[in-house]
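Step one of this worksheet: look at the structure below.
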Amino acid sequence: MINLLAARAERLDRALRRITRTGGHAVLLDGTLVRTRRRTGPDNRRNYSGKHKSYGLLFLAITDTNGRLIWISAARPGRSSEITTARHNEITRQLRDDGLGAIADLGFTGLDNAPDDLVLITGFKAARTKPLTIVKKLANKLIAVERAACEHAFAHLKNWRILTRLRLDARHATTLLRALLVLTNLEIAR
């Protein structure tokens, strides 16, 4: 049953094309660590996230501007960063091909390297010796307001109790999360 539900989850290229057809201009991009129980053996080290100080698998998700989950990436080890996972999935190329823009958090700063054709909007980082100006702080607040819908979508997805006892490898976790994506969208649409 899980495999059948996971097969109903849209691929990235089809999901972005559907948003373009419905008149959308932007999507929200974010990553999350789905915590897992510690596994035994040598494969355990890869799933440890130094940022979160726990074991887990990293997923990227794209939502529309209303906060509806559209796509979830394949699971990556917890030690991976969001920007590396986004590069692995070629998200900027696919956004550019479909004429869409994306709003993301500071974890994706530097992902879009084409200054002439930007598709990714992130906030501003403060340097140790150079604090942010008032205008840059205001821009960060505006981006955070828009991104709140993406955080709500992750909260809906992480409400599933099965995720609290997750002890799977990345392939099975990807299948499970894509099945939960379909169920979450059905539950929210009711």
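The values are calculated or read from the model by the stated rules, or taken from the named source; none is laboratory data. Predicted model, so just to flag it, every value in this text is computed and none were measured. Cβ sites come from the backbone with ideal geometry, for glycine too, and all protein chains shown count toward neighbours. Areas reflect the complete protein model, heavy atoms only, side chains present, ligands, DNA and RNA absent. Shrake-Rupley method; radii C 1.70, N 1.55, O 1.52, S 1.80 Å.
Given the residues Ala127, Ala173, Ala149, which is the only one that is part of a loop (DSSP other than H, G, I, E, B) and of a type outside the set (Val, Ile, Thr)?
On inspection, the qualifying residue turns out to be Ala127.
I'd like the full set of residues that are open to solvent by 70 Å² or more (accessible area, probe 1.4 Å), farther than 16 Å from Leu69 by Cβ and not basic (Lys, Arg), limited to segment 148-190.
Ile162, Thr164, His172
Just one of Lys130, Lys136, Lys141 is open to solvent by 50 Å² or more (accessible area, probe 1.4 Å), modelled with pLDDT of 90 or more and either within 30 Å of Arg37 (Cα to Cα) or touching a Phe, Trp or Tyr at 6+ places or on another chain (Cβ under 6 Å) (or both); which is it?
Within the list Lys130, Lys136, Lys141, the selection yields Lys136.
Looking at segment 98-114, which of the residues that are open to solvent by 30 Å² or more (accessible area, probe 1.4 Å) and in a loop (DSSP other than H, G, I, E, B) is nearest to Arg147 (Cα to Cα)?
Asp105
So Asp117 passes all but one of these: (1) within 18 Å of the chain's Cα centre (by Cα); (2) of a type in the set (Asp, Glu); (3) assigned to a loop (DSSP other than H, G, I, E, B). Which condition number does it fail?
The one condition Asp117 does not meet is (1).
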